[in-house]
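Reviewing the structure listed below.
Read-outs throughout are calculated quantities, based only on the coordinates presented, and are distinct from any laboratory measurement. Given the structure is predicted, the values throughout are model-derived calculations rather than measurements. Heads up, the Cβs are rebuilt from the backbone with ideal geometry, glycines too, and the neighbour counts pull from every protein chain shown.
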Amino acid sequence: MKWYKIKALMWRDLMVIKRSKWRALQLFYFPVTSVIIWGLFAIFSQQFALEAGLIVLAINIFWSFSLQSQSGINNMMNEDVWSGSIKQIMTTGISELEYIFSRIILSIITSFVILLVLLGMSVFWFNLSVVAANPAITFYFAVSSLVASIGLAILIAAVFIYLGREYVFLAWTALQLFILLSAPFYPVEIFPEPIRTISYAMPYTGTFIGIREFVTTGSASGAAVLNSFIVPIVYLIISIPLLKISFRRAKRTGILVNID
């Protein structure tokens, strides 16, 4: 991989975001309004169950962070397809890894900016002080969420490139199903046995279990932190070769050239 190619594609994406006012608004509007909604719910629920409201707020912050991390990668790829610019990009000699890594790096930067804003709001407005009192644990769970989102984004990209643009809807629908099966607000045991097995194979399940423990006790065990990384790393390891296979097939069959 060549850094100058990655940097050039990142700069291009930043210019696209700058020119598209709705993209800049989208980056912050939905995460910020979600935190306000659930932050107010956390305040209201304190009279009934303090921890329950804070758990919902914390989970939603990491949910928004995960969504931004994953969709930030896939949506830029979708724009390349719908605008037809993917043809020009691929004729520059950029490799599949350079192409995806430029999107990953930019998504990491924007996602962490948004996460800092959301965490700041939650601490100063809604008294989610545990994330400020234990920044290391907060960071670990942020990284595990990020690894899961990157792995999922690469898998979605591989499916889309392999099967064609009819599957671009996965960019904004797949995460919802993965979150649902990851049992964000409740223990995995609430699912019937077959779904329970699937839930443990979801990339966010370990992270959500750890976050609930973190908010409830003010800390998280080493096992909880470690478990939050195991499945996401597996997703990441599997996704990269699948992406390379999809790109090579697309180049061989002409899907990338005739994608519009």
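Worth a mention:
- Which of VAL159, VAL35 has the fewest Cβ neighbours within 10 Å, and the rest in rising order: VAL159, VAL35
- Net length available on complete extension from THR216 to ASN134 is 28.2 nm, with 0.36 nm assigned per residue and the Cα-Cα distance removed.
- With the simple spin-label model, which puts each label point 7 Å out from Cα in the Cβ direction, the ILE109 to LEU180 separation comes to 3.5 nm.
- For GLU166 and ALA52, the difference between the fully extended length at 0.36 nm per residue and the C-alpha to C-alpha distance is 37.0 nm.
- Virtual spin-label span in nm between PHE191 and ILE36, 7 Å along Cα→Cβ: 3.4
- Summarising the label geometry, the points placed 7 Å from Cα in the beta-carbon direction at THR173 and SER85 lie 2.6 nm from one another.
- Among MET202, MET77, a tally of other beta-carbon atoms within 10 Å of each Cβ gives an order, fewest to most, of MET77, MET202.
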